[in-house]
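Colleague: First the structure, then my questions, so here it is.
The values are calculated or read from the model by the stated rules, or taken from the named source; none is laboratory data. Every value quoted in this text rests on a predicted model; they were computed, and no experiment measured them. For neighbour counting, all protein chains shown are included, and Cβ atoms are generated from backbone atoms with ideal geometry for every residue, glycine included. With ligands, DNA and RNA removed, areas are computed over all heavy atoms of the protein, side chains included. Shrake-Rupley method; radii C 1.70, N 1.55, O 1.52, S 1.80 Å.
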Amino acid sequence: MSELEKKDEELKEQTQETAEVKSEAKEEKKETVTEEKKEESTKKEPFKNIHVIVVTSGKGGVGKTTSSAAIATGIAKKGHKTAVIDFDVGLRNLDLIMGCERRVVYDFINVIQGEAKLNQALIKDRHVDNLFVLPASQTKDKDALTYDGVEKVFRELDDMNFEYVVCDSPAGIETGALMSLYFADEAIVTTNPEVSSVRDSDRIIGILNAKSRRSELELEPVAAKLLLTRYVPSRVKKAEMLSVEDVQELLTIPLLGVIPESPDVLKASNSGNPIILNAQSDAGKAYEDAVERLLGNEVPLRFVTEKKGIFGKIFKK
Ligand SMILES: Nc1ncnc2c1ncn2[C@@H]1O[C@H](COP(=O)(O)OP(=O)(O)OP(=O)(O)O)[C@@H](O)[C@H]1O
Ligand SMILES: [Mg+2]
């Protein structure tokens, strides 16, 4: 190797080393920033009144918003002062399902950024007393949500004597989803009876155990419960769908409820009336049962076996 070639080699190595050091420094800086972000928000005092429930899933389109609307409505119907918050910044939907989209003036981000007071943004539900909706913003700015801002809103809800705060998580495991679960005491892991949904739910359970405020403060872990939605017993029988038992075996968290697939759900969403208010619908009844269990009452599982047709009923012993 000539002297010149040697120099060239050395220079290359040095450049590589510098690049590595730079990238390590960058990594470290990134970690410090995340730590700082958490530090700001990890206030040790527990909330006085509110019990925070996140409706989460990892996977998209499994029924989180439908379930948030139904469960928040069910809890409020039982007399508890409840707020339901849409964390899906940029893609708000909860206001539609709750039927209050025309009354949205201010939103969650406006409150976090100090552009509106919390009581200006909270929309009183038109179906049930004790229920308030905090809509998401349509902004594209994903950084608008901050741990500090979310905590500020929760502390204010706490001071306003709310009892339950239901957080409708966006899909995925990015900022919005992480923020929505961070302060949770309890998680409703919404899952469809299919492998990809179960896998994403498993991932979310891991995140609940590692990245929630409860895990960071080494408190009792977030109570994660399984809500199996869009269940079709006839398809389970034909082995086209995972059974309740299959899913429970894979996820090993207690079962909160099983919601059958029902065309009533889409009708309910389109009319802005949460499905739980439809007392004729099996899906509505199944949500009622889930709310009972959430509030600590034991109720048997329904709608997990195939419905008997007219002949089945006649020949039933
Ligand atoms: N039990 C059910 N029976 C029939 N359709 C259902 C049921 N639950 C939810 N759906 C339908 O599934 C679709 C997705 O529901 P929803 O918007 O609640 O999911 P999501 O998890 O909030 O979605 P995203 O991840 O996009 O926020 C909707 O069209 C809804 O009507
Ligand atoms: Mg949703």
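Colleague: What does the accessible area per residue of region 180-317 come to in Å², with a 1.4 Å probe and no ligands, DNA or RNA counted? Please report the intermediate quantities before stating the final value.
Modeller: Details: 7390 Å² over 138 residues.
I get 54 Å² per residue for this part.
Colleague: Quick one: which residues, 5+ away or cross-chain, put their amide H under 5 Å from the amide H of Ala224? H built at 1.01 Å from N.
Modeller: The answer is Ala187.
Colleague: Treating region 178-251 as a set of equal point scatterers at the Cα positions, no solvent, please give the Debye-formula log₁₀ I(q)/I(0) at q = 0.17, 0.18, 0.27 Å⁻¹.
Modeller: -0.63, -0.69, -1.17
Colleague: Could the peptides 254-263, 64-73 be put in order, highest first, of the mean number of other beta-carbon atoms found within 10 Å of their residues?
Modeller: Peptide ranking by packing, descending: 64-73, 254-263.
Colleague: Now, a different point. Checking the table Lys77/Lys117; Lys59/Lys211; Lys64/Lys117; Lys44/Lys225 against a 21 Å threshold on Cα-Cα, which pairs fail? Mind dumping the intermediate values first?
Modeller: Numbers: Lys77/Lys117 26 Å; Lys59/Lys211 18 Å; Lys64/Lys117 27 Å; Lys44/Lys225 25 Å.
Cα-Cα > 21 Å for Lys77/Lys117; Lys64/Lys117; Lys44/Lys225; rest within.
Colleague: Another question, if that's okay. State in Å² the accessible area per residue of region 72-118; use a 1.4 Å probe, count heavy atoms of protein chains only, and round to the nearest integer. Don't jump to the answer; show the numbers that get you there.
Modeller: Values: 1940 Å² over 47 residues.
Solvent-accessible surface per residue comes out at 41 Å².
Colleague: OK, next. Whenever you get a sec, compute what percent of the accessible area on region 210-317 sits on carbon and sulfur atoms (1.4 Å probe).
Modeller: On the way: 3400 of 6460 Å².
Roughly 53 percent, rounded to a whole number.
Colleague: Accessible area of region 76-175 with a 1.4 Å probe: how many percent of it is carbon plus sulfur?
Modeller: Ligands and nucleic acids excluded, carbon and sulfur reach 46 percent.
Colleague: Positive end of the charge dipole of region 107-255 (Lys, Arg +1 and Asp, Glu -1 on Cβ, about the Cα centre): tell me which of Cys167, Ser215, Ser243 has its Cα farthest that way.
Modeller: Ser243
Colleague: Take peptides 267-275, 234-242 and line them up by average Cβ neighbours within 10 Å, highest first, as a rough protection proxy. Walk me through the intermediate numbers first.
Modeller: Values: 267-275: 18.9, 234-242: 14.1.
In decreasing order of mean packing, 267-275, 234-242 become 267-275, 234-242.
Colleague: Which value in Å does the Kirkwood hydrodynamic radius of region 40-149 take, with 1/r averaged over all unlike C-alpha pairs and then inverted? Present the calculation step by step, with values, prior to reporting the outcome.
Modeller: Numbers: mean 1/r = 0.0679 Å⁻¹.
About 14.7 Å for region 40-149.
Colleague: Let me ask something additional. Give me the Kirkwood hydrodynamic radius of region 84-147, using the inverse of the mean 1/r over all pairs of distinct Cα atoms, in Å to one decimal. Can you show the working numbers first?
Modeller: Details: mean 1/r = 0.0851 Å⁻¹.
Result for region 84-147 stands at 11.7 Å.
Colleague: Determine the dipole magnitude for region 159-317: charges of +1 sit on the beta-carbon of Lys and Arg, -1 on that of Asp and Glu, nothing else is charged, the reference point is the Cα centre, and the result goes in debye to the nearest 20. Show your work: numbers first, answer last.
Modeller: Working: 19 positive and 24 negative charges, 203 e Å.
Here the size comes out at about 980 debye.
Colleague: With all pairs of different alpha carbon atoms counted, what Kirkwood hydrodynamic radius in Å does region 119-238 show? Working shown, then result.
Modeller: Numbers: mean 1/r = 0.0611 Å⁻¹.
Hydrodynamic radius (Kirkwood, Cα only) of region 119-238 equals 16.4 Å.
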